[in-house]
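Accompanying notes for the structure given below.
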Amino acid sequence: MSEIYDVIVIGAGPAGYPAAIRAGQNKLKVACVDEWQNFDGTYAFGGTCLNAGCIPSKALLESSELFQRAKEEFSVHGIKIGDLKLDLAAMQKRRASIVKTMTGGITALFKANGVVGIQGHGRLLPGNRVLVTGKDGAEKTLAAKHVVLASGSVPIRLKNVPHDGKFIVDSWNALEFDAVPARLGVIGAGVIGLELGSVWRRLGSEVTVIEALDTFLPIADQTIAKEALRHFKKQGLDIKLGAKVSSAKVANAKVEGATAAGAHATAVDVVYTDAQGEHTLQVDKLVVAVGRKPFTAGLLAEGTGVSLDDRGFIKVDDHCRTGVANVWAVGDVVRGPMLAHKGKEEGVMVADLIAGHFAEVNYKVIPSVIYTQPEIAWVGQTEEGVKASGRAYKVGTFPFAASGRARAMEAAQGMAKIVSAQDDDEVLGIHVIGPMAGELIGEAVLAMEYSASTEDIQRTMHAHPTLSEAIHEAALAVDKKAIDSINR
Ligand code: FAD
Ligand code: AMP
């Protein structure tokens, strides 16, 4: 046994790397071990989020939206362009370069905060020791006063839908397609399925999204979900609800119009069942986006005492303690929504608790964002959730159609909606579908973090003309005092 650290973090995703950085800021001796390898074999810090999730998906969502707007919207602004062409290779190069810059940034942040970054596999041994297997296969055992497990999650696979990484793929592969598939199938109309479906639809794919549930986006407020479904259908996303995929296989399909021998292309046959019975859909690529599961393979040696729940999550309390002295777990590998910012707050909380500071995560105020067009974002409870709780409530909405800024942006779709308590006026949930919803929700999160009443938002001045006025007007509408739209 050689080196002894105050803290060893296993995993350098958005939960692990902030834990390591904050531990460094707290003057603790810290190492962060990560095994992420890209398709080209290179190691990189940043985990799923930076390498294969949040960042590359947002890069492509931005590029594809600009392409779509250039195609369909610029002329409305009086901007005429000639022959619009897609250079997917350049778009993908930009995506890769953003990822590289951001993951490289973590190395720099580690250095600046005194974190020892180690590329390799970490395995928790009993007695707060960590066996590290380096890139070259060399093993060494490190000891630490505290160990933070931040091993993240991996995509769920479906039985009878065998991935080949080329035609039947996961979300990571789907971010790195080098050609626009003519027909794209997506299993799962969750956040990831909708974002990926949107990217390729905008770039020209015929996209079919197959979703087992009858309800669209059950986690969102249903006023917002209904509005979203309408927009997505208008954009040409063929969303089949109540349709469960039972199997899929790569098959040779005849190329349309071709008669010559060999004029076959590889395609995917997807079998699904809905209320009408069993159907087979043929697509050129199939993305499986049916959710993610906690990843703990090779993480825990025999006898560590760390336990998993029945879904494979590491069991923790509200402060991310595993129950084993000085072993903590944060991020996607523990209960709660699989979101980068939730993991980040947990990582920072744990590093502060280890240093003896007060720290807490407010699990009631976690924002969710879906980066489609229109964007969808919310925080707090849905109207359906409040109704089910039995608490008397009031609702205010404001349509972006009445927002001067949204009109000027040619993005006057959607609405802001606030659900507040009838008795004490507390804001219970804020829901936005519309332009920059993910940015607008920041104000809502802050308001709820400070336990704002609706009146607090009503009495807060909002700059004009901004999109944020929609939140202000929705708050006014809760008490039928909206100025810029008719109160109902
Ligand atoms: P991860 O990011 O999965 O990182 C875990 C790291 O630990 C990995 O690098 C892994 O290689 C490493 N590791 C695991 N085991 C070991 C071991 N034994 N030894 C060494 N290293 C190990 N969330 C958002 O909030 N916003 C978004 O816009 C968003 N978009 C997404 C888009 C897509 C396509 C996907 C797939 C996910 C998206 N997410 C988004 C979810 C987000 O990526 C995750 O919530 C987040 O990455 C979880 O962070 P984490 O640190 O817990 O785990
Ligand atoms: P999320 O968990 O938000 O990423 O969403 C994944 C979605 O995939 C959920 O809405 C599931 O209902 C859906 N899903 C899971 N299995 C299947 C299946 N076999 N066929 C179609 N949809 C599925």
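Values in this text are rule-based calculations from the coordinates and carry no lab data. Keep in mind that what you see is a predicted model, and the values were worked out from it rather than measured. Methodologically, a virtual Cβ is constructed for each residue, glycine included, from the backbone with ideal geometry; neighbour enumeration extends over all protein chains shown.
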- Note on the structure: The extension gain from Arg157 to Leu86, computed as 0.36 nm times the residue separation minus the Cα-Cα distance, is 22.4 nm
- What's the tally of Lys pairs in the range 56-97 whose alpha-carbon atoms lie under 20 angstrom apart, where the two lysines are 8 or more places apart or on different chains? 5
- Task: With a 10 Å radius around each residue's Cβ, average the other Cβ atoms per peptide and rank 193-203, 57-67, highest first.
- Result: 193-203, 57-67
- Query: Could you give the length gained on full extension between Thr466 and Ser97, defined as 0.36 nm per residue of separation minus the Cα-Cα distance, in nm?
  - Reply: 129.6 nm
- Normalising by the residue count of the range 176-224, find the relative contact order in percent from Cα pairs under 8 Å and 6+ residues apart. 41 percent
- aspartates and glutamates with Cα under 17 Å of Lys166, excluding same-chain neighbours fewer than 8 positions away: Asp40, Glu176, Asp178, Asp269, Asp284
- Query: Which distance in nm do the two modelled labels at Lys293 and Ala392 give, with both placed 7 Å along the Cα-to-Cβ direction?
  - Reply: 4.7 nm
- Message: Which lysines, if any, have their Cα less than 30 Å from the Cα of Lys29, not counting same-chain residues under 8 positions apart?
- Response: Lys100, Lys111, Lys135, Lys140, Lys145, Lys315, Lys342, Lys344
- Neighbour-count ranking [beta-carbon atoms within 10 angstrom, fewest first] of Ile210, Ile21: Ile21, Ile210
- Dipole of the chain [Lys/Arg +1, Asp/Glu -1 at C-beta], most positive-end residue of Ala408, Ala225, Ala19: Ala19
- How large is Rg over Rh for the range 1-83, taking Rg from the Cα atoms and Rh as the Kirkwood inverse mean of 1/r across Cα pairs? 1.30
- Query: Which one of Cys32, Asn326, Gln276 has its Cα pushed farthest toward the positive end of the charge dipole of the chain, where Lys and Arg give +1 and Asp and Glu give -1 at the Cβ?
  - Reply: Cys32
- Note on the structure: Given unit charges at Cβ for Lys, Arg (+) and Asp, Glu (-), the dipole magnitude of the chain about its Cα centre in debye, nearest 20, is 720 debye
- Task: Determine, from the Cβ-Cβ distance of Leu308 and Tyr43 and an R0 of 45 Å, the FRET efficiency 1/(1 + (r/R0)^6), rounded to the nearest 0.05.
- Result: 0.95
- Item | the chain: relative contact order as a whole-number percent, Cα under 8 Å and 6+ apart | 15 percent
- Message: On a full-extension model of 0.36 nm per residue, what is the gain between Asp424 and Asn113, subtracting their alpha-carbon distance, rounded to one decimal in nm?
- Response: 107.5 nm
- Query: So for the range 344-455, Kirkwood radius off the Cα pairs, Stokes-Einstein at 10 °C and 1.306 mPa s: how many µm² s⁻¹?
  - Reply: 104 µm²/s
- Message: Using helices alone, I'd like the mean residue ellipticity at 222 nm for the chain: each DSSP H run of four-plus residues gives -39500 (n - 2.57), total over residue count, nearest 500.
- Response: -9000 deg cm²/dmol
- Looking at the chain, which Cys residues are left with no other cysteine's beta carbon under 4.7 Å from theirs? Cys32, Cys320
- Which Rg and Dmax, in Å, describe the Cα atoms of the range 111-235? 21.0, 58
- Is the shape of the range 344-405 rounded, prolate or oblate, going by the alpha carbon gyration tensor and its root eigenvalues a ≥ b ≥ c, with a/c under 1.5 for rounded and a/b larger than b/c for prolate? oblate
- What list of whole percents do you get for P(r) of the range 128-187, with Cα-Cα distances grouped in 5 Å bins up to the one holding the largest distance? 4, 11, 17, 14, 10, 10, 12, 11, 7, 3, 1
- Note on the structure: FRET efficiency (Glu449, Thr266; Cβ distance; R0 41 Å; to 0.05) is 0.20
- Message: I'd like to know which of Ile8, Leu213, Gln381 lies farthest towards the positive end of the charge dipole of the chain, counting +1 on Cβ of Lys and Arg and -1 on Cβ of Asp and Glu.
- Response: Ile8
- Message: In 10 Å bins starting at zero, report the fraction of Cα pairs in the chain per bin as a rounded %.
- Response: 4, 18, 25, 26, 19, 7, 1, 0
- Message: Could you tell me how many cubic angstrom of Cα convex hull volume the range 301-385 has per residue?
- Response: 127 Å³
- Note on the structure: Taking Lys and Arg as +1 and Asp and Glu as -1, residues besides Ala377 with C-beta under 15 Å from its C-beta add up to -3
